[in-house]
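Everything below concerns the one structure shown next.
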Amino acid sequence: MTGPSEESAPGHPEQAQQQPEGAEPNLFADDRTDSHPHPETSGAFDVQPTQAVAPPPNPAVSGPHQVPNPNASGPHQVPPGYGYDQNLPPLQPQYAQAQYPQQPSGLPQPQGGRHAAPPQQPGHGHDLSTAHLVKQVKRPPQSGWRKAVYVGSGKLINPGESPADTQRRDLIARVNQPLRGCYKIAMLSLKGGVGKTTVTTTLGATFASLRGDRVVAVDANPDRGTLSQKLPLETTATVRHLLRDAARITRYSDVRSYTSQGASRLEILASEQDPAVSEAFSEDDYRRTVNLLEHFYNIVLTDCGTGLMHSAMKGVLDVADALVVVSSGSVDGARSASATLDWLEAHGYGELVKRSVAVINSVRPKGGSVDLDKLSAHFGAKVRAVCKVPFDPHLEEGAEIELDRLTGDTRLALLELAATVADGFATPLSQGYR
């Protein structure tokens, strides 16, 4: 007669042996059913051990740090309870699946070993910019009915900026472009009475009022220039005194005692006003002046005389980074400005002409019959840009200039002129071409 253990375990002779009477059952005996065959048993439901799948080569691991084969025998046989060694690289996913096919599904599967990085949360640490973290608020209006509504509502109703406010803010950003070193601008005109000195003062005042660096205008007119009359006079010192004491000037405060400063922070270095003691302002004098000023100022504007052949003009053109050629809205003023550009091109300053800005300055209340658009097209074919400055009653006075007293159209035109000139800050001619 066959015992019940033999019937319950066909094909398993090691399990078919009868237990002696009175013996306690072996709790550690392998009593798994046929649905979980043991690789080392034999019988009708025996499963032959599958051949181990060799892991793919790991290009990052070689030599003594290669991953051992769990099914290998000999000195490299993996001992029971082999786990991941912190000194060894993690197993490849396909290798782990091939070597551990019967790993219980309830346990966590290895995903790259203990050195695997934790999962990243969406959006965590990816964007810490101000625009992403801080709630954006509409800019308050600066003019027009929008400003009236904003102020009248106690700043509770904000209709936002108008297109004009946005344009003005963009122009201010262009004016404040980064500037490396000292940028030297020469203001030219062959004809008097076109407002060259006025444009010099208003352009310099616009730069000084918006930028945080220092701006100075130098009067290089040998015939008693009037630049010093456009700002409140703080000192009687002139460029002659500055050159006389150049050896003792070592800091900005030393230079400041020779200049006059207006409300816009623009400084002016005057020329000699007394014809009796006036001396010719030579090329060497101008070069010495600019070499001294460029150590303390970021922008230097030079108000030149009406002649191209006077002694200082060659020095002015040689050190200039850009030109501003001023013309009136009349025919004779336009012809003089055009002749200035032609002369410069004929005498080797063609590159400087390409970087020039032409200014059509309206010095009369009425524009007359001259087509300013055609005049702009004429200059636009020769220079980098053309700007127009409208007539302004405050500028017509010929007295000290205050930006706050200018009309809105004039201030906007000067802002456009300053932004156009500032577009050339990136590549000064003195650094990029010489």
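Laboratory data are not the source of any read-out in this text; all were calculated from the coordinates shown. As the structure is a computational prediction, the values presented were derived from the model and not from experiment. With ideal geometry, Cβ positions are generated from the backbone for all residues, glycine too; neighbour counts draw on all protein chains shown.
What ranking do 401-411, 258-268 get when scored by the average of other Cβ atoms within 10 Å per residue, highest first?
Order by mean packing, descending: 258-268, 401-411.
Starting with the highest mean, order 306-319, 156-169 by the number of other Cβ atoms within 10 Å, averaged over the residues of each peptide. Could you put the intermediate results ahead of the total?
Values: 306-319: 17.7, 156-169: 14.1.
Top of the packing list down: 306-319, 156-169.
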What's log10 of I(q)/I(0) for the range 179-432 at q = 0.09 Å⁻¹, Debye sum over Cα points only, no solvent?
-0.35
Given 284-295, 413-424, the highest-first ranking by average Cβ count within 10 Å works out to 413-424, 284-295
State which entries of Lys230/Lys374; Lys184/Lys314; Lys314/Lys374; Lys138/Lys388; Lys230/Lys314 exceed 22 angstrom in Cα-Cα distance in the structure shown.
Lys230/Lys374; Lys314/Lys374; Lys138/Lys388; Lys230/Lys314
Please list, ordered by chain and number, the residues whose modelled amide H lies under 5 Å from the amide H of Arg211; skip anything fewer than 5 residues away on the same chain.
none
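Give the average over all directions of the projected area of the C-alpha convex hull of the range 144-187, one decimal, in nm².
Working: hull surface 20.4 nm².
For the range 144-187, averaging the hull's shadow over all directions gives 5.1 nm².
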Would any residue of the range 134-150 have its amide N under 14 Å from a label point 7 Å out along Cα→Cβ of Asn158? List them or say none.
134-142, 147, 150
What ranking of Trp343, Trp145 emerges when the number of other C-beta atoms within 10 Å of each C-beta is taken as an exposure proxy, fewest first?
Trp145, Trp343
